[in-house]
Amino acid sequence: MDCENLWDTFTKNIAFPAVLCYILLLKVKKSDAKKGEQLMPSQDKIRNIAIIAHVDHGKTTLVDEMLKQGGIYRENQATVERVMDSGDLERERGITILAKNTSVHYKDYKINIVDTPGHADFGGEVERILKMVNGVILLVDAAEGPMPQTRFVLQKALELGHKVIVAVNKVDKPDARVHEVMDEVLELLLDLDATDEQFNSPTIFCSGRQGTASYSPDEMGKDLTPLFETIIQYIDAPQGDPAAPLQMLVSSIDYNDYVGRIAIGRVERGTIKVNQEVTICDYHDPSIKNRGKVVALYEFDGLAKTPVQEAGAGEIVALSGMADITIGRTLCAPEAVEPLPFVKISDPTIEMTFAVNDSPFAGQEGKYVTSRNLRERLERELLKDVSLHVTEQGTDSFNVAGRGEMHLSILMETMRREGYEFSVSTPRVLTKEIDGKLCEPIERMIADVPEECMGSVIEKMGRRKGDLVSMNPMGSRYRLEFLVPSRGLFGYRNEFLTDTRGEGIMSSVLDSYAPMKGEIERRLTGSLVAFETGEAVAYGLAAAQERGILFISPGTQVYAGMVIGVCSRNEDMTVNVCKRKQLTNMRAAGSDEATRLTPPKIMSLEQCLEFLADDELLECTPKSLRIRKRELDHSTRMRELMKKRNQ
């Protein structure tokens, strides 16, 4: 249609604006398609890397700067800190929980980056993400040096034969000890049997917050160019024949209410296209051979998922359209069904029982309260979290096994915020039988403590069956390394912070399994238990606070059997916090003294889990956390206690 005809249509036909819009839309689509074809990088221009490190060593902050310098933002665009930590819980706690994909462009290269969690409890995320990449950036804090999770993630990367770029981060900190940390990294590589090539890995010295990197520890860089250049020169481009039949391993799963499950993985070989027929298979289960169709295909471009028509070997892509896709499955061309081996995820170490809330206050605050709601939610979590195991126990309780207390507490907090109401038991370790002996998980725990607090930490770890492995001075502080049973660390974190006056740093990672080390005493205090149901009043609380520390304030609704505080003795004590002051016509001199109450101790979810005794449950609702006895009736509890003493 030429210009004259367009003008005639405009003057004679009132429907022209719609025609014009349609023509312009077609032109825009064509130009976008051409632009997409031009931007689609060749295989040798792609680099796939993961950033791995211990918690709080600066992975997400470094990714922020890589995104800024990789041209993802406009010059005048407002940005937030730690943009990859998109979840509410991640931003609140300052930790990464879920691995996330992004990409940056440097020169004519596309660098796909995966930001991984640093906490040991989310190690399952790191293990499977490493299958998507060709190399890793090992980030080490210039002051703290290699920590337990550094060892864990580096070991997994070395086992897969990945190339490693060592990045010493936070070199601008006042207490940075760059040269000592470099020696510690080399010692760690030796301990983990690194190959000669891995041992001679390049080292970059950077400051994630400043957005600078340099090749030398003694000079500050201007930007992250040295890091980008090292990635391009040292990390290999993905291998894979683009002309071969399709093969793609699903390493991660996302979920969207509109399109359902979204599979994320790297195209190992061949080309994947929209509307392509594929066969879904499993390396560990040859019987699985389901047909599927790629309905939508996306590639990661900066912080967004960009729809594409096809993607070649080496690209990290997301796709939707298959309801039964899950982590570890392989998408193959129907004419060449060859499943890829999937990394074996380490077994969980602790479990808790999630059950329907049956307290007197059940159903008052939660939206989802039945066993059916609980079952559906846990099954949905299993789709995304491969290191979580769920076993049904009877009709209304489920054994949920995970990597650690943090792993399960994040799940519980997420469920609370979604409106679920449930109760959980104390954490229990999962034992194994090895060579006819019952063995329990042993954790490698590292504590950085002030010199004057060393004695109390070593003494407490001794009580918890911990063995001191090494003790190294670091200025005015000491780094203590222990091998301690997992159950010995239950409830220890608060005690540790008290013993070190809030200055201590502790972290642990699963080390091995060893024969059971005998009984470990978890708590030296008892619980204050409410005697009757009602509203707590100041008069009753004033009498109760003389016997311990309270968790509640006046006006709080309580029920018989609910734990309302810590007893100073090593036994439970029943108190009546609903007791009111009786009025009489006789008054003593001091009868009208003002009641002075100490502010209650408000505990977080993790603190509640640490406090729980074996005969107690934690009631989780969207608004409240209540600790209660399993058996609410006081007289029944007393009878059971007398039976135990007589035995």
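The values are calculated or read from the model by the stated rules, or taken from the named source; none is laboratory data. These numbers come from a predicted model, not from an experiment. Glycine also receives a Cβ, built like all others from the backbone with ideal geometry; neighbour counts cover every protein chain displayed. SASA here: full protein model, heavy atoms, side chains in, ligands and nucleic acids out. Shrake-Rupley method; radii C 1.70, N 1.55, O 1.52, S 1.80 Å.
Indicate, rounded to the nearest 5 percent, the antiparallel portion of the DSSP beta bridges found entirely in the range 117-261.
Rounded to the nearest five, the antiparallel share is 35 percent.
Within the accessible area of the range 474-629, what % is carbon and sulfur when the probe is 1.4 Å and the other protein chains stay in place?
After summing per-atom areas, the C and S share lands at 51 percent.
About its Cα centre, how strong a charge dipole does the chain have in debye, to the nearest 20, once Lys and Arg get +1 and Asp and Glu get -1 at the Cβ?
The calculated dipole for the chain is roughly 1800 debye.
For every other residue with a beta carbon closer than 9 angstrom to the beta carbon of THR621, add +1 if it is Lys or Arg and -1 if Asp or Glu, then tell me the sum.
Taking every other residue near THR621 into account, the sum is 0.
When the Cα atoms of the chain are enclosed in a convex hull and the volume is divided per residue, what value in Å³ results?
250 Å³
Helix-derived [θ] at 222 nm for the chain: sum -39500 (n - 2.57) over DSSP H runs of at least 4, divide by residue count, nearest 500?
-8000 deg cm²/dmol
Would you pull out the residues with amide H under 5 Å of ARG177's amide H, same chain only if 5 or more places away, H placed 1.01 Å from N?
ALA143
For the range 331-422, state which trypsin sites (Lys or Arg not before Pro) are in a DSSP loop and have at most 16 other beta carbons lying within 10 Å of their beta carbon.
Answer in residue order: LYS344, LYS367.
Please list the non-local residues whose amide H lies under 5 Å from the amide H of ARG523, H modeled 1.01 Å from N, same-chain partners needing a gap of 5 or more.
Under 5 Å from the amide H of ARG523 lies no amide H from a residue far enough along the sequence or on another chain.
Based on the Cβ-Cβ distance from GLU392 to THR370, what FRET efficiency comes out when R0 is 22 Å, to the nearest 0.05?
Efficiency at R0 = 22 Å is approximately 0.95.
Within the range 246-324, report the chymotrypsin sites (Phe, Trp or Tyr not before Pro) that DSSP leaves as loop and that have at most 12 other Cβ atoms within 10 Å.
Sparse-neighbourhood loop chymotrypsin sites (Phe, Trp or Tyr not before Pro): TYR258.
Give me the percent of DSSP beta bridges within the chain that run antiparallel, rounded to the nearest 5.
Percentage antiparallel, nearest 5: 80.
What is the percent carbon and sulfur in the accessible area of the range 305-358, measuring with a 1.4 Å probe over the protein chains and ignoring ligands?
That share works out to 53 percent.
Which sequence of LYS107, LYS293 reflects their accessible areas, 1.4 Å probe, from the largest down?
These residues rank, largest area first, as LYS107, LYS293.
Taking H placed 1.01 Å from N in the peptide plane, check which residues at least 5 places from ILE350 or on another chain put their amide H under 5 Å from its amide H.
For ILE350, whose amide H was placed from the backbone, the distant partners under 5 Å are GLY402, GLY404, LEU430.
If you average the sequence gap of Cα pairs under 8 Å that are 6 or more apart and divide by the length of the range 402-497, what percent do you get for the contact order?
26 percent
ALA263: net charge of surrounding residues, Cβ under 12 Å, Lys/Arg +1, Asp/Glu -1, itself excluded?
Cβ neighbours under 12 Å give a net charge of +2.
List the relative contact order of the range 450-501 as a percent without decimals, with contacts defined as Cα pairs under 8 Å and 6+ residues apart.
Taking the mean separation of contacting Cα pairs over the length of the range 450-501, I get 38 percent.
May I ask you to derive the FRET efficiency for VAL295 and GLN43 from their Cβ-Cβ distance with R0 = 35 Å, giving the value to the nearest 0.05?
0.90
Using only alpha carbon pairs under 8 Å that are at least six residues apart, calculate the relative contact order of the chain and give it in whole percent.
About 9 percent, as a whole number.
If you count, for each residue, the other Cβ atoms within 10 Å and average over each peptide, how do 347-358, 632-643, 494-505 line up from highest to lowest?
Top to bottom by mean Cβ count within 10 Å: 347-358, 494-505, 632-643.
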